[in-house]
Amino acid sequence: MGDVLLLNADAQPTSYLPLSVINWKEAITYVWMDKVVVLDWYDDWMVRSPNWETKVPAVVMLKQMQRRRGRPRFSKTNLYIRDLYTCQYCNTTHTRKELTMDHVIPLSLGGKTTWENMVAACGPCNTLKGNKTRMKPKCKPYRPDYYDLVAKRKQLDMPIKHEAWRTYI
Ligand SMILES: [Zn+2]
C-alpha cells in the first residue's frame, strides 16, 4: 500500500489511475536520486538503518515533467474504476477482492480481453454466467478516455494518508 503522494512537476498528481501513490521506500529512493522535491513530511515517522535515518516524505514532486498517457491502458484496476467497482450483472458495489473480470463474449466463443468486451462482475454472477451469453451487462462496455477515468476515480473513496494530500487531490 502506498504512503507517499507523487506529484508531477506541475504539482498535479502524475496519474490518477490509480492515484499516484508510491510506497515510502520508492519515495526515499527518488529523494536520494534527486528526482523529486519533498513538499511535506510525516512528522512522526522515521526510518532507520545502521548508517542513516530519515523522516518519510508525505508528498513529493517530480523535478522533471512526466507526460501523461493519452488513453488509459487496459488493466484490472482501470476496468474496476470504469465500472465503479459495481458488478455489471447484479448492479451492486463490491470490494476489489470480491470482483472478477468477466468476458462478455466468453473466451471460448472468441471473445477478446479488451475494454469493449470486459466488465467487472462479482464472483457469484461470474459463476452464474459461466460460458454463456444469456446474461447481459447493465452498461455496454467501452474504452474510456483518461478524463473519464479520472472523473470516476474521484467518485471513489481514496484513503488519505496525510492531511497535506488534500491540497493536491
Ligand atoms: Zn453480481
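Structure above, values below:
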| quantity | calculated |
| --- | --- |
| Rounded to the nearest 20 debye, dipole of the chain from Cβ charges on Lys, Arg, Asp, Glu | 1000 |
| Dipole axis of the chain (+1 Lys, Arg; -1 Asp, Glu on Cβ), positive-most option in Trp24, Gln64, Gly123 | Gly123 |
| Among Leu99, Leu107, Leu79, residue whose mean-square fluctuation peaks in a GNM of the chain (springs only between Cα atoms under 10 Å) | Leu107 |
| Dipole of the chain [Lys/Arg +1, Asp/Glu -1 at C-beta], most positive-end residue of Thr167, Pro13, Thr100 | Thr100 |
| Cα-projected label distance for Asn91 with Asn51, points at 7 Å along beta-carbon direction, nm | 6.1 |
| Ranked list, fewest to most other Cβ atoms within 10 Å of each Cβ, for Val21, Val60 | Val21, Val60 |
| Cβ-placed point charges (K, R +1; D, E -1), dipole of region 76-143 about Cα centre in debye, nearest 20 | 100 |
| Entries in Lys35/Lys152; Lys140/Lys161; Lys132/Lys154; Lys112/Lys152; Lys76/Lys136 that, when Cα-Cα distance is taken, lie over 28 Å | Lys35/Lys152; Lys140/Lys161; Lys132/Lys154 |
| Computed over the chain: relative contact order in percent, which uses C-alpha pairs under 8 Å that are six or more apart | 23 |
| Residues Thr86, Thr167 arranged by fewest to most Cβ contacts within 10 Å | Thr167, Thr86 |
| Of all DSSP beta bridges in the chain, antiparallel share, percent nearest 5 | 85 |
| Listed residues Met158, Cys87, Gly111: farthest to the positive end of the dipole of region 13-169 (Cβ charges) | Gly111 |
| Rounded if a/c under 1.5, otherwise prolate or oblate - region 76-143, Cα gyration tensor axes | oblate |
| Exposure proxy order (Cβ contacts within 10 Å, fewest to most) of Ser49, Ser75 | Ser49, Ser75 |
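Readers should treat all values here as calculations from the given coordinates under stated rules, not as data from a laboratory. Here the structure is a predicted model, which is why all the values come from computation and not from measurement. We place every Cβ from the backbone using ideal geometry, glycine too, and count neighbours over all the protein chains shown.
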